[in-house]
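Input: a single structure, listed below in structure tokens.
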Amino acid sequence: MTDQSLTDLEIEEQAPIEAVEFRGLSYPFGRWWPAPGELKEVAAGVLWLRMPMPAGLDHINLYVLDDGDGWVLVDTGLRTDETRALWQGLLAGPLGGKPVTRVIVTHMHPDHLGQAGWLCRHTGATLCMTRGEYLTARMLMLDQQEEPPVEAMTFYGRAGWDGEDLEAFRGRGWGRFGNAVTPLPVQYHRMRDDDALTIGGRTWRVVVGRGHSPEHACLVCEEAGVLIAGDQVLPRITPNVSVHVAEFDANPLEEWFDSLDRLKLLPDSLLVLPSHNEPFHGLHARLDQLRLDHERKLDRLIERCREPRKVRETFETLFKRPITNSDIMMATGEALSHLHYLEGQGRLRRQREADHDLFVVP
Ligand SMILES: [Zn+2]
């Protein structure tokens with residue numbers, strides 16, 4: 001489970017702080033970012049830090065909010081020794097003067113949630129999440145089996161996977177999520193859409209987005225002029241919008257579009273603090289770009305499905321690079337989110353064959 005769509009990958013080099021404009025967005029810190037273990041104040045009382053991730057995404061951005069007599073952490077990094085050691089250094093060093101009181105997690109993906117359980121136990125902080133994210137994470141952590149359930153095999157079989165792909169999938173077992181995150185506290189503070197949190201004497205409003213994850217929390221502080229966007233708005237990556245086994249007939253792209261519309265009601269002047277790439281101005285332009293990216297994919301799919309196609313037969317239309325066994329699950333989820341959206345609009349029809357589905361223009 002990763003954050004980015006398979007359509008775009010970039011790794012860049014660090015440079016001096018110098019504002020840059022790129023593809024309609026402006027980056028006040030340019031191509032600069034904090035080194036591991038470093039904190040950078042990006043707005044009054046809002047600190048930016050980075051934790052490492054494997055090639056591809058390369059890093060996740062985390063934020064620390066000054067709460068007067070304590071710190072509030074937003075997102076936590078992967079469950080790796082490297083990330084753990086960096087946190088230990090920060091807690092003993094620059095953050096050492098006062099306690100961590102709350103750990104807010106925008107959504108349950110392991111790069112955001114990975115160290116949350118450990119941080120809460122280690123510091124005594126309260127975990128704050130939306131219910132959809134907390135319960136989904138708890139469910140996935142408890143669901144570990146030797147082999148995938150029959151529903152999962154059927155789900156991918158109907159998408160057109162061949163025997164080799166299905167056997168490789170079976171061999172990987174089921175429930176790897178539980179190993180990717182530290183055990184969560186059994187209690188949490190539930191954040192709801194439009195909740196107002198008081199942090200550092202200022203109001204931070206929760207704005208829930210859907211489509212990338214069940215109930216993704218963004219945080220807006222108009223007084224500080226910032227939007228902590230999580231994975232809901234990324235400047236140069238198209239966030240992954242996928243159909244998963246558990247909600248096999250979902251239409252997450254429709255929810256994603258609705259969320260883009262909601263976020264567009266926020267002021268365009270906010271400094272957007274994303275989970276990947278760098279802080280930027282240009283919220284509305286980026287929301288438009290994200291929509292356009294999906295609309296182009298939808299148009300290409302319509303062309304592709306003039307003849308009946310298996311899900312697997314749409315990959316070359318959607319993704320710039322060939323799909324291998326290691327990313328076939330994500331590719332299938334993303335292809336299905338677009339196909340289900342078109343099916344919901346009546347622009348494609350699903351034909352049920354004995355052991356696979358076909359999508360075709362009616
Ligand atoms: Zn994510």
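FYI, it's all coordinate maths here, none of it is from the lab. Computed from a predicted model, the values in this text were never measured in an experiment. All Cβ positions, even for glycine, are placed from backbone atoms using ideal geometry, and neighbour counts span all protein chains on display.
Which one of L287, G124, T314 is farthest out on the positive end of the charge dipole of the chain, using unit charges on Cβ (Lys, Arg +1; Asp, Glu -1) and the Cα centre as origin?
The one lying farthest along the dipole's positive direction is G124.
Between Q345 and R138, what is 0.36 nm times their sequence separation minus the Cα-Cα distance? Round to one decimal in nm.
Stretched out fully, the Q345 to R138 stretch lengthens by 71.2 nm.
As a footprinting exposure proxy, order W118, W204 by other Cβ within 10 Å, with the fewest listed first.
Starting with the residue having the fewest Cβ neighbours, the order is W118, W204.
Note down the magnitude of the dipole of region 204-268 about its Cα centre, charges +1 on Lys and Arg C-beta and -1 on Asp and Glu C-beta and zero elsewhere, to the nearest 20 debye.
Its charge dipole is roughly 200 debye.
Suppose every K and R has +1 on its Cβ and every D and E has -1 on its Cβ; what is the size of the dipole of region 121-206 about the Cα centre, in Debye to the nearest 20?
For region 121-206, the charge dipole is close to 660 debye.
Just to be sure I understand the model, the point goes 7 Å from the Cα along the line to the Cβ. What's the resulting V150 to E223 distance in nm?
5.8
Let's test the formula: R0 of 35 Å, r as the Cβ-Cβ distance of S269 and R291. What FRET efficiency results, to the nearest 0.05?
0.95
If you wrap region 90-164's Cα atoms in a convex hull and average its projection over all directions, what's the area in nm²?
Average projection, Cα convex hull of region 90-164: 7.7 nm².
When the Debye formula is applied to the Cα atoms of region 245-361, each taken as the same point scatterer, what base-10 log of I(q)/I(0) results at q = 0.15, 0.20 Å⁻¹?
Those come out to -0.76, -1.14, one per q.
At what distance in nm do the modelled label points of N179 and F22 sit from each other, each positioned 7 Å from its Cα along Cα→Cβ?
The answer from the label model is 3.4 nm.
Which of T324, T130 has the fewest other C-beta atoms within 10 Å, and how do the rest follow up to the most?
Going from least to most buried by this count: T324, T130.
For the chain, what does -39500 (n - 2.57) per DSSP helix run (n ≥ 4), summed and divided by total residues, give at 222 nm, in deg cm²/dmol to the nearest 500?
-9000 deg cm²/dmol
Once fully extended, how much extra length lies between A85 and V245, figured as 0.36 nm per residue of separation less the alpha-carbon to alpha-carbon distance?
So the extension gain works out to 54.1 nm.
Working out 0.36 nm times the residue gap between A196 and E167, then minus their Cα-Cα distance, what length gain in nm do you get to one decimal?
Gain on extension, A196 to E167, equals 5.6 nm.
Only Lys, Arg, Asp and Glu count, each charged at its Cβ (+1, +1, -1, -1), so figure out the dipole size of the chain about its Cα centre, rounded to 20 debye.
The dipole magnitude comes to about 300 debye.
Take the alpha carbon gyration tensor of region 20-284, find the square roots of its eigenvalues, order them as a ≥ b ≥ c, and report rounded if a/c is under 1.5; if not, report prolate when a/b exceeds b/c, else oblate.
prolate
Between H189 and R306, take the C-beta separation as r, use R0 = 45 Å, and let me know the FRET efficiency to the nearest 0.05.
About 0.30, to the nearest 0.05.
For the residue pair R31 and D258, what label-to-label distance in nm results when each label sits 7 Å from Cα along the Cα-to-beta-carbon direction?
Placing both labels 7 Å along Cα→Cβ, they lie 4.1 nm apart.
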